[in-house]
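Quick notes on the structure that follows.
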Amino acid sequence: MLNSLLPGYQIRRGSTVDRALLVKFIQQTYQDMFPDQDFAHLARTVEQYFSTDTPLWWVDGEDQEDQEVGRLSGGENLSPSSSPVACLWVGNAIDQVQGDRHAHIFLLYVVPEHRRRGIGTALMHYVEKWATQRGDRQIGLQVFQSNKPALNLYHQLGYQTQSLWMLKSLHPEK
């Protein structure tokens, strides 16, 4: 079922048959940030967490020109029936302080040619409304500190840092 997300773009609910397309989108998200890495392992993340309990939405352009632009880099069509220009994948988390279940954004991705058109903001408003309707009192997400455009978006929408995820390499760089 298609619904207007904002002028020129439609949002539709994905399903578990979209597994391969979701893998391509999640890999492209990381590839944009870390171009020299291989992200084939992210297919395991999708395999482990993607289910009917973790909703997925796709955004399509309303006309064929948008569909042609909505390809991932390299000119590869993402799907035979359409070429989404964005996606949103949401899971569930438990607030470690309050104990409440809440929505957790696994993936928000807009293909580069469609960025800065309000799609990310519209998707965030969409998921906030969805989460509120199901009774959630908050939404969580993880974002890389180096992803300044995403950080700016989330700050503008009122998201605040609650905790820091820290890592220590156990294998020193050579």
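The values are calculated or read from the model by the stated rules, or taken from the named source; none is laboratory data. Predicted model only: the values in this text are computed from it and were never measured. Surface areas here come from the heavy atoms of the whole protein model, side chains and all, with no ligands, DNA or RNA. Shrake-Rupley method; radii C 1.70, N 1.55, O 1.52, S 1.80 Å.
The list (i) 64; (ii) 57; (iii) 60 gives values of percent of Cα pairs over 19 Å apart, and only one came from this structure; which label was calculated from it?
Label of the calculated value: (iii).
Once phi is turned into ³J(HN,Hα) by the Karplus curve 6.51 cos²θ - 1.76 cosθ + 1.60 with θ = phi - 60°, what whole-Hz value does each residue of the range 157-169 show in order, with x for glycine and proline?
8, x, 6, 10, 5, 9, 8, 10, 8, 10, 10, 10, 6
Through the Karplus equation 6.51 cos²θ - 1.76 cosθ + 1.60, θ set to phi - 60°, convert the phi angles of the range 107-112 into ³J(HN,Hα) values in whole Hz; use x for Gly and Pro.
These are the phi-based 3J(HN,Hα) values: 8, 10, 9, 10, 4, x Hz.
With θ set to phi - 60°, apply the Karplus curve 6.51 cos²θ - 1.76 cosθ + 1.60 along the range 45-62 and write out the HN-Hα couplings as whole Hz, x wherever there is a Gly or Pro.
3J(HN,Hα) across the range 45-62, in whole Hz: 4, 4, 4, 6, 10, 7, 7, 5, 8, 10, x, 10, 10, 10, 10, 10, x, 7.
Could you pull out every residue, at least 5 positions away or on a different chain, whose amide H is within less than 5 Å of the one on residue 140? Hs are placed 1.01 Å off N in the peptide plane, and Pro or chain starts have none.
Amide H neighbours of residue 140: 103, 104, 105.
What is the percent carbon and sulfur in the accessible area of the chain, measuring with a 1.4 Å probe over the protein chains and ignoring ligands?
Details: 5600 of 11160 Å².
Heavy-atom surface of the chain belonging to carbon and sulfur, 1.4 Å probe: 50 percent.
With a ≥ b ≥ c the root eigenvalues of the C-alpha gyration tensor of the range 87-174, is it rounded (a/c under 1.5), prolate (a/b larger than b/c) or oblate? List each step's numbers first, then the result.
Details: a/c = 2.13, a/b = 1.15, b/c = 1.85.
Since a/c reaches 1.5 but b/c is at least a/b, the shape of the range 87-174 is classed as oblate.
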